[in-house]
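Everything below concerns the one structure shown next.
Coordinate-derived values only; no laboratory data. Remember, predicted model here, so these are calculated numbers, not experimental data. FYI the Cβ positions are ideal-geometry reconstructions off the backbone, even for glycines, and counts take in every protein chain you see.
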Amino acid sequence: MLNNIALALHGGAGTITRALMDAEKETRYKAALQAALDAGYAILEHGGTALDAVEATVNVLEDSPLFNAGRGSVFTNAGTHEMDASIMDGNTREAGAVAAITGVKNPISLARMIMEKSGHVMLAGQGAADFAKEQGIDFLPADYFYDDFRHRQWQEAQASGAMQLDHTPLNEKKFGTVGAVALDAHGNLAAATSTGGMTNKKYGRIGDSPLIGAGTYANNRTCAVSCTGSGEYFIRSVVAYDVSCLMEMKGLSVEEASHEVVQKRLPELGGDGGLIALDAAGNICLSFNTEGMYRAAKSSLGVDLVEIYK
């Protein structure tokens, strides 16, 4: 008997405020979210794996300049792009991650390659680039990652001397990290997260997105989780694993566990953001404590949505 199938994705918690979101912009965001949802869900419908589905979903989001990952990554203090990503297989609990990589079109695909071919979980910086080149991954010139809006955002941050999260107010313009979680017909879960990090970041700063247990986690016995928000707080709270742990140890549902972590535990520390989570039965939870979260979900249980605000 085939299992339920389900896919959820996010394009960041903390969105453009309603006041700045015009109809044309909203249409573009929703179309990009829908395209990513369609790409991943088609794989699940044809009996493909959750791992393939989350990678394909995140690839579409990385290829869009609208989100802070891949092509749309924000600028570092040095005017470059340093991207982070991670992926996890809920069946084997194998995982792969890359941090501070430059010039790679799809960091999530590199993270998967690290999981499958490197013998390690996480590679960073120049070493990760060397591994990627050995694997034949294409590197793109800096102009592929150049975006006028991101450049202006960076210049504003430099002028104020601020390092800022992608979804925190700089003239209230908000955007974010991307991620996906999936359940396939074989009953396996997977999670993936990809980001360009913080605008104007210094010192090789790395957030929660490439950290297994903080920004990404998947375990067939509990859930698959991908996070977005103020990374430092997500790291300190081990958010993705915390959701799984509450389900495993306290018997909470995916919704109860997500709510506990996002609406109670994170705010207690001062953290904002959200997460998408999915359990082994195909129940989906999209929880956030910001004004909005770019999100979409579809399942064989009848869920089908693309939303931005609460």
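List of remarks:
- Proxy reagent accessibility, fewest Cβ within 10 Å first, across Leu140, Leu275, Leu33: Leu140, Leu33, Leu275
- Value of relative contact order over the chain, rounded to a whole percent, pairs C-alpha under 8 Å and six or more apart: 26 percent
- Taking segment 46-167 and dividing mean pair separation by its residue count, relative contact order in percent (alpha carbons under 8 Å, at least six apart): 23 percent
- Normalised contact order of segment 254-310, rounded percent, pairs of Cα under 8 Å and 6 or more residues apart: 27 percent
- Ranking of Phe67, Phe131 by neighbouring Cβ atoms within 10 Å, starting from the fewest: Phe131, Phe67.
- Taken as Cα centroids, segment 68-89 and segment 222-290 sit 23 Å apart, rounded to the nearest whole angstrom.
- Charged side chains reduced to their Cβ positions (Lys and Arg at +1, Asp and Glu at -1) give segment 2-147 a dipole of some 220 debye around its Cα centre.
- Two-site FRET efficiency, Arg93 against Arg236, from Cβ-Cβ distance with R₀ of 30 Å, rounded to 0.05: 0.85
- Pairwise FRET efficiency - Arg265 versus Gln155, Cβ, R0 = 41 Å, nearest 0.05: 0.70
- Mean residue ellipticity, 222 nm, helices only, the chain: the sum of -39500 (n - 2.57) across DSSP H runs of n ≥ 4, divided by residue count and rounded to 500, is -9500 deg cm²/dmol.
- Net charge, Asn106 excluded, C-beta distance under 14 Å - Lys, Arg +1, Asp, Glu -1: -3
- 5 angstrom amide H check on Ala190, placed H, neighbours 5+ away: Gly90, Ala182
- Counting every C-alpha pair in the chain, the share spaced more than 30 angstrom apart comes to 23%.
- Estimated at 0.36 nm per residue, the fully extended path between Lys250 and Ala42 surpasses their Cα-Cα distance by 71.4 nm.
- Overall, the chain carries a charge dipole of about 440 debye about its Cα centre when +1 sits on the Cβ of Lys and Arg and -1 on the Cβ of Asp and Glu, all other atoms neutral.
- Here each label is just a point 7 Å from Cα along the line to Cβ, and for Ala35 and Asp148 those points are 1.9 nm apart.
- Shown for the chain are the DSSP H helices of 24 Å or more along their axis, judged by Cα atoms, with a mean Kyte-Doolittle hydropathy of at least -0.5: 23-45.
- Within segment 90-121: backbone nitrogen closer than 16 Å to the Lys133 label point (7 Å, Cα to C-beta): 101-105
- Dipole magnitude (debye, nearest 20) for segment 217-310, charges at Cβ of Lys, Arg, Asp, Glu: 120 debye
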